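Okay, structure first, notes after.
The values are calculated or read from the model by the stated rules, or taken from the named source; none is laboratory data. Keep in mind that this is a model prediction, so the values were computed, not measured. Virtual Cβ from ideal backbone geometry, glycine too; neighbours counted across all protein chains shown. Accessible surface is based on the protein model in full, side chains and every heavy atom, while ligands, DNA and RNA are left aside. Shrake-Rupley method; radii C 1.70, N 1.55, O 1.52, S 1.80 Å.
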Amino acid sequence: MNHAALAREFVRNDSRAHWHDETLWFVRAKRDKAAETLPEWETLRECASQIKAHTVAHLAELLEQFEREATRRGAVVHWARNAAEHNEIVLGLLQERQVRRLVKSKSMLTEECHLNPFLERHGIEVVDTDLGERIVQLAGEAPSHIVLPAIHQKKEDVGRIFHEFLGTEAGATDPNYLAEAARQHLREKFLAAEAGLTGVNFAIAETGGIVVCTNEGNADLGASLPKLHIACMGLEKLIPRTEHLGVFLRLLARSATGQPITAYTSHFHGPKPGGELHIVLVDNGRTDILASDEFRRSLYCIRCGACMNTCPVFRRSGGHSYETSVPGPIGSILAPTRNAGEYYTLPHACSLCGSCTDVCPVKIDLHHQLLTWRRELAHRGLLSRPKRWAMRAASVVFQHPALYRALGSVARVVVPRLPRFLVYNRLNSWGRQRELPEFPAQSFRQQFRARRHEQQ
Ligand code: SF4
């Protein structure tokens, strides 16, 4: 995959790209306002970061404690080493009970494991019940954002999709009308479902309980109407104790959408009377990240999406250009840990402005990790050829001050006189979206000497 090439496709539609940028910036501004209402915001962030550091350091024991407690409360805990095992476990549970219709609430883990197409290949109808997820599912697309999965679709697009699949009026764009149509459509699916699958926002080791946060209440309906509830979670969703939950819930909603709290925060401790609760714990590369000193902190992530909303690259290139279930700054760290050869362009999709690190509610040093990835990719020989050549040339110039000075003198005289086509052409990809700054008549060194001379 190539992030730059896919981003080029996205910005080709100029008005959509600007709209995407502005919409996400609006969400980021809401996050700032919400954070400012809490004087203890920075203390909360520090607290959350320390709880996650502790959790990650004691992950094995905490997971065992979680399994013990969840089992004691009547849930069945399954362990999956990778995406394939996760999918097989879910399929096995559904087939054993002859389930043909499944309703699903938002779960980025099942996106990561490509569960939907897998189950559909086995004849099981899977309906995503989060409104944004349902829109992209009907459109035959993947979510482009972890919190706002259909953020790349405008209301006109949604009107077209709903007209085609739900029979709404052609050309309808009224959000209330469209939301009502989706509600009626999903209600039928909820009532017909034989099983409900949810993600997990937090799993509490102390109690064996799981917590699911949604704004639409769809996880609650999906988990309470059918008898079978399957909850799928990555190992990193764990927190040690119930008393820690408040710290994360206060940070999550404010960071994600600027709300003080998510509309529905549902706690599941064991199955409902007469029902079954199965919890699938998935590794899928997480223990490899745990073993890495440089990238271990990426496991603190609570998937709020704030780093995506603030990232100038994400806002302008769209989530699909990352080609990963988790895009943006955190996705650009996680994806290469799974497959550096495939995702080597992602750590370069970053301006190193550090805005992601500033907003991250669990204080992940995102831009530092992205920089570390670039060094790692260079060591592994995974830079593109032009970048390799440019880096080698820069290295030679910076190691020889006389050469640096000579090139500077020549460039100051020659470049401003060159015809435009010689400076801005196919070979200068940097210059595709940028103009070179005006060249000063004198170098910094010359100006410095002249000023010192004047002061003497
Ligand atoms: S890295 Fe931080 S800001 Fe980004 S999604 Fe995760 S918790 Fe949110």
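Across the stretch 248-257, the number of residues qualifying as of a type outside the set (Ser, Thr, Tyr) and open to solvent by 20 Å² or more (accessible area, probe 1.4 Å) comes to 3.
For beta carbons closer than 6 Å, sequence separation of 6+ or different chains, a first residue in the stretch 305-317 that is farther than 19 Å from residue 262 by Cα and a second that is more than 14 Å from the ligand (Cβ to nearest atom) and part of a helix (DSSP H, G or I), the qualifying pairs are 315/21; 316/21; 317/7; 317/10. Taken together, 346, 366, 383 contain a single residue that is within 19 Å of residue 290 (Cα to Cα) and either surrounded by 14 or more Cβ atoms within 10 Å (Cβ to Cβ) or within 13 Å of the ligand (Cβ to nearest atom) (or both), which is 366.
Among the residues making up the stretch 28-45, those that are open to solvent by 70 Å² or more (accessible area, probe 1.4 Å) and assigned to a helix (DSSP H, G or I) are 30, 33, 36, 42, 43. Residue count for the stretch 323-333 under the criterion of being in contact with a Ser or Thr (Cβ under 6 Å, 6 or more places away or on another chain) and more than 13 Å from residue 145 (Cβ to Cβ): the result is 1. Within the set 57, 83, the sole residue that is under 27 Å from residue 227 (Cα atoms) and among the small types (Gly, Ala, Ser) turns out to be 83. Against the condition of a type outside the set (Lys, Arg), within 16 Å of the ligand (Cβ to nearest atom) and open to solvent by 80 Å² or more (accessible area, probe 1.4 Å), how does residue 371 come out, does it pass? Spelling it out, residue 371 is indeed of a type outside the set (Lys, Arg), within 16 Å of the ligand (Cβ to nearest atom) and open to solvent by 80 Å² or more (accessible area, probe 1.4 Å). For residue 247, the criteria (1) within 16 Å of the ligand (Cβ to nearest atom); (2) within 20 Å of the chain's Cα centre (by Cα) hold in every case but one, which is (2).
Residue 359 - would you say it is touching a residue at least 24 places away in the same chain (Cβ under 8 Å), open to solvent by less than 50 Å² (accessible area, probe 1.4 Å), within 16 Å of the ligand (Cβ to nearest atom) and touching a helix residue (DSSP H, G or I) at 6+ places or on another chain (Cβ under 9 Å)? Criteria met by residue 359. Any residue that is away from the ligand (no atom under 16 Å from the Cβ) and either outside any helix (DSSP H, G or I) or in contact (Cβ under 8 Å) with a residue 40 or more places away in the chain (or both) - is there at least one of those in the stretch 155-166? For the stretch 155-166, residues away from the ligand (no atom under 16 Å from the Cβ) and either outside any helix (DSSP H, G or I) or in contact (Cβ under 8 Å) with a residue 40 or more places away in the chain (or both): absent. Scanning the stretch 259-293 for residues that are part of a helix (DSSP H, G or I), open to solvent by less than 70 Å² (accessible area, probe 1.4 Å) and either under 14 Å from residue 220 (Cα atoms) or out of contact with any Gly (no Cβ under 7 Å at 6 or more places or on another chain) (or both) yields 287, 289, 290. Restricting the search to strands (runs of 3 or more DSSP E) fully inside the stretch 62-129 and requiring at least 3 residues that are open to solvent by less than 10 Å² (accessible area, probe 1.4 Å) gives 101-104, 125-128. Taking the conditions exactly as written (open to solvent by less than 10 Å² (accessible area, probe 1.4 Å) and within 13 Å of the ligand (Cβ to nearest atom)), does residue 318 satisfy them or not? Criteria not met by residue 318.
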